[in-house]
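The values are calculated or read from the model by the stated rules, or taken from the named source; none is laboratory data. The structure presented is a predicted model; accordingly, all values stated were derived computationally and were not measured. Glycine gets a Cβ as well: all are built from the backbone with ideal geometry, and neighbour counts include every protein chain shown.
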Amino acid sequence: MIKKIGSNKIGAIVSDNAANIKAAREVISLKYPNIMNLRCIVHCFNLISQDIIKIPFTEKLFCHCNIIVTFFKVLHIAVSLLCDTIKEKKIEGGILKTYIKTRWTTIYDCINSVLRYKEAFNYVSYLTFILFFEKLINLVIILLYYTRYLKTTVKKFVILLLFKF
């Protein structure tokens, strides 16, 4: 490709530091000393961010942020309450962002979105807990009803068996 374009028209080649690319850069440097070989700065940022994420504190932080974001993206009641709370409290700045390993900018986006909605999360988590607790109580009431019904049915069955023998 360099021959086709002309080495005098190329000032630099930007690439990452993969083993095969590194070898190609060395060949180009020897053959065309006028072409600078530059490492991609964005790739460097990505590598740095991956190192930062390996620190136990930050790894735990991103894990917790993703749990919060996933909770609100999956639970329809919670996300509805969150959206209402965001509008009510007039919080601006966009939607919740999930951290994605291959997208280094999502580190900042994820943490920033969680911090931005902290007040809304506190309010919604309280409401969600109340709704969950209410549903749990209803479930327990239903189970108690069916358990009582089941006990009565089992008692009747046992009495019938006893009277037959």
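Of note:
- The residue of region 80-107 that is nearest to Thr70 (Cα to Cα), among those that are hydrophobic (A, V, I, L, M, F, W, C) and under 12 Å from the mean Cα position of the chain (by Cα), is Leu96.
- When residues of region 11-60 are limited to those that are charged (D, E, K, R) and not in a helix (DSSP H, G or I), the one farthest from the chain's Cα centre (by Cα): Arg39
- Filter result for Glu26 (among the charged types (D, E, K, R) and under 20 Å from Lys101 (Cα atoms)): no
- Beta carbons closer than 9 Å, at least 6 apart along the sequence or on distinct chains, pair a first residue in region 4-18 that is under 26 Å from Cys44 (Cβ atoms) with a second that is among the small types (Gly, Ala, Ser) for Ile13/Ala24; Ser15/Ala24.
- Exactly one residue out of Leu96, Leu82 is farther than 22 Å from Ile53 by Cβ and modelled with pLDDT of 70 or more, and it is Leu82.
- Hits in region 96-115 (condition: within 17 Å of His43 (Cα to Cα) and either of a type outside the set (Phe, Trp, Tyr) or in a helix (DSSP H, G or I) (or both)): Ile100, Lys101, Thr102, Arg103, Thr105, Thr106, Ile107, Tyr108
- Residue that is farthest from Arg116 (Cα to Cα), among those in region 51-103 that are without any contact (Cβ under 8 Å) to a residue 12 or more places away in the chain and surrounded by 15 or more Cβ atoms within 10 Å (Cβ to Cβ): Thr58
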